[in-house]
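A.B. asks: Could you have a look at this structure, given as structure tokens, before my questions?
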Amino acid sequence: MAIPTTLALNGSWPMNVEDAINIEDLRRSGRRSLPRIVFDFIEGGCEDETCLERNLASFRRHGLRPRYLTGAEPDQSVRLFAKTYASPFGIAPTGLAALYRPGGDLTLASAAVAADIPFIQSGASTASIEAIAKAARGHAWYQLYQPANPAVADDLVRRARDSGVETLVLTVDAQGGSNQERNLRNGFAQPLKMRPSTVLEALRHPAWIARYLRHGMPVFEDWRPYAGGDAASAATIARFVAAQGRASQSWHDVERLRRLWPGSFVLKGLLHPDDAARAVELGVDGVIISNHGGRKLDRAPAPIDVLPGFVDRVGDRLTLMIDGGIRRGADIVTALCLGARFCFVGRAPLYGLAAGGRPGVDRALALLQREIDLILRQIGCGTIAELSPDHLWPHPPLPAHYSNAQAATS
């Protein structure tokens, strides 16, 4: 049964998330559904937010060249780390999902299973590793925010391994915090310092207020055992997580975690090809080229712009993945043409979650899958493995070591 949301299209009101025809429709609906302070936490970047726009604009500079009469019947399935997924994208790690809808992390995980794509559980998740692994069996990856206490890191890794998670993602670009000015203006910080105007604006969203009063402030459940156990409040655990997140990282941490982790090991947040080459030397299996959605360094490059340099530097020696600025199936196809083997989307499923809970997430994923299918037909590709720079317009120069970067990985 369709879930009514605050989505307005062509002047009609209300509509269902099933009536959304693109991710932007879900974004507008999500914005209407959430208080500004909460929606800005999804939407915002840091400082002047030029990185956010760069992530989006960089995809728009690439065109796709149609090829017809090929007789191609699209199959967008992809093999990644010895598993076959239905589509060449998954759900990126995003923290505090339960702030948008109660049980948000589990909702995202279950939607990923239904769509047959991977779900990366955030290190700032509001559900436990064990709960996510159970809900997304065979589809759950775990993202580690390296804590200051190595014993906590080791135990988080152990819990992920024992829960059946097969891919560990170490985020390397989170150390030192960032200047997220939207959140500072809204008082979204530790401790909360909301202005009266922010509180009054939030009261204009009674459905969200009612859910918040019923369920309370979301808790970083994975960190509860290390921050006081069952008696610890959400605020106490949040302060503990913030303190642990100030740790510096080095390649020694990568080496140590590589030894501890028996499955696929991925680094998230690299933007320099030389770092990818170092990762290869240390036995890393893949990298997610990412600028943290524009939330860490406002002058950082867009991932899609540095992707060709990674292909040229490490070729097929490392599984190259990408996130940041993806709002269309065309963005995903473009990244694959440039040499990425897989993509991750963060804000798009969160817009769906905010707009309509599980049906909204399902709709977001289905829209992207449909757009990929349509584009493959238009450019005459039967499989993801066929995509190459030749399908782009204008035709970019091939990296020196370019080969079929979408080839299946084992």
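The values are calculated or read from the model by the stated rules, or taken from the named source; none is laboratory data. Just so it is clear, the model here is predicted, and its values are computed rather than measured. Neighbour counts run over all protein chains shown; Cβ positions are idealised from the backbone, glycine included. Areas reflect the complete protein model, heavy atoms only, side chains present, ligands, DNA and RNA absent. Shrake-Rupley method; radii C 1.70, N 1.55, O 1.52, S 1.80 Å.
A.B. asks: Give the percent of DSSP beta bridges with both residues in the range 68-226 that are antiparallel, rounded to the nearest 5.
C.D. replies: Within the range 68-226, antiparallel bridges account for around 25 percent of the total.
A.B. asks: As an exercise, use a Förster radius of 41 Å and the Cβ-Cβ distance of residue 213 and residue 370 to find the FRET efficiency, rounded to the nearest 0.05.
C.D. replies: It comes to 0.65.
A.B. asks: Moving on. To the nearest 10 square angstrom, how much accessible area does residue 85 have with a 1.4 angstrom probe?
C.D. replies: Roll a 1.4 Å probe over it and residue 85 shows about 10 Å².
A.B. asks: Report the calculated FRET efficiency for residue 185 and residue 130 (r = Cβ-Cβ distance, R0 = 45 Å), to the nearest 0.05.
C.D. replies: 0.75
A.B. asks: Provide the gained length on full extension for the span residue 277 to residue 204, in nm with one decimal, where the gain is 0.36 nm per separating residue minus the Cα-Cα distance.
C.D. replies: Taking residue 277 through residue 204 to full extension adds about 21.2 nm, to one decimal.
A.B. asks: Shape call for the range 114-229 from the C-alpha gyration tensor, a ≥ b ≥ c root eigenvalues: rounded (a/c under 1.5), prolate (a/b greater than b/c) or oblate?
C.D. replies: Prolate, since a/c reaches 1.5 and a/b exceeds b/c.
A.B. asks: Hey, another quick one. Please compute the net charge surrounding residue 165, taking Lys and Arg as +1 and Asp and Glu as -1 over other residues with Cβ under 13 Å from its Cβ.
C.D. replies: +2
A.B. asks: So, one more: Over the chain, with a Gaussian network built from C-alpha contacts below 10 Å, which listed residue (260, 336, 392) shows the highest mean-square fluctuation?
C.D. replies: 260
A.B. asks: On to the next question. If DNA, RNA and ligands are ignored and the probe is 1.4 Å, what is the ranking of 163, 77, 248 by accessible area, most exposed first?
C.D. replies: 248, 77, 163
A.B. asks: Quick check for me: using +1 on Lys/Arg Cβ and -1 on Asp/Glu Cβ, what's the dipole size of the chain about its Cα centre, in debye to the nearest 20?
C.D. replies: In total the dipole reaches around 820 debye.
A.B. asks: So if we plug the beta-carbon distance of residue 250 and residue 48 into 1/(1 + (r/R0)^6) with R0 = 30 Å, what FRET efficiency do we get, rounded to 0.05?
C.D. replies: In this case the efficiency is close to 0.50.
A.B. asks: Same structure, new question: Compute, for the range 103-247, the length of the dipole vector about the Cα centre, with Cβ point charges of +1 (Lys, Arg) and -1 (Asp, Glu) only. Units Debye, rounded to 20.
C.D. replies: Rounded to the nearest 20 debye, it is 580 debye.
A.B. asks: So, taking all protein chains as they sit and a 1.4 Å probe, how much accessible area belongs to residue 297, in Å² rounded to tens?
C.D. replies: Residue 297 has an accessible surface of roughly 110 Å² with all protein chains in place.
A.B. asks: When the chain is modelled as a GNM with alpha-carbon springs shorter than 10 Å, which of 167, 70, 50 fluctuates the most?
C.D. replies: Comparing 167, 70, 50 in a Gaussian network model of the chain, the most mobile one is 70.
A.B. asks: Sum up the charges of everything whose Cβ sits under 12 Å from the Cβ of residue 74, counting Lys and Arg as +1 and Asp and Glu as -1, but leave residue 74 out.
C.D. replies: Taking every Cβ under 12 Å from that of residue 74, the sum is -3.
A.B. asks: Ok, one more. Using the basic label-point model (7 angstrom from Cα toward the beta carbon), what is the residue 260 to residue 149 distance in nanometres?
C.D. replies: The two pseudo-label positions are separated by 1.3 nm.
A.B. asks: For residue 299 and residue 236, calculate 0.36 nm times their separation in residues minus their Cα-Cα distance, and state this gained length in nm to one decimal.
C.D. replies: Taking 0.36 nm per residue and subtracting the Cα distance, the gain is 19.4 nm.
A.B. asks: Related question: Mind checking which of 194, 227, 149 is farthest towards the positive end of the chain's charge dipole, using Cβ charges of +1 (Lys, Arg) and -1 (Asp, Glu) about the Cα centre?
C.D. replies: 194
A.B. asks: Oh, and also: Probe of 1.4 angstrom, ligands and nucleic acids ignored: what's the accessible area per residue over the chain, in square angstrom?
C.D. replies: Per-residue accessible area for the chain comes out at 42 Å².
A.B. asks: Whole percent per 10 Å bin, from 0 to the bin with the longest distance: what is P(r) over all C-alpha pairs of the range 145-297?
C.D. replies: Bins of 10 Å from zero give 9, 30, 33, 20, 8, 0 percent of pairs.
A.B. asks: Separate question: Find out how many positive minus negative residues lie around residue 220, taking Lys and Arg as positive, Asp and Glu as negative, among other residues whose Cβ is under 15 Å from that of residue 220.
C.D. replies: -3
A.B. asks: Cα extents of the chain along the three principal axes, largest first, in whole Å?
C.D. replies: On the principal axes, the chain reaches 59, 56, 39 Å in Cα extent.
A.B. asks: Please check: in the Gaussian network model of the chain (C-alpha springs, under 10 Å), which one of 67, 341, 299 has the largest mean-square fluctuation.
C.D. replies: Between 67, 341, 299, it is 67 that shows the largest mean-square fluctuation.
A.B. asks: Return the calculated 222 nm mean residue ellipticity for the chain, to the nearest 500 deg cm²/dmol, obtained by summing -39500 (n - 2.57) across DSSP H runs with n ≥ 4 and dividing by the residue count.
C.D. replies: Result for the chain: -12500 deg cm²/dmol, rounded to the nearest 500.
A.B. asks: What is the distance in Å between the Cα centroid of the range 278-311 and that of the range 145-220?
C.D. replies: 23 Å
A.B. asks: In the chain, what percentage of the DSSP-assigned beta bridges are antiparallel, given to the nearest 5?
C.D. replies: 25 percent
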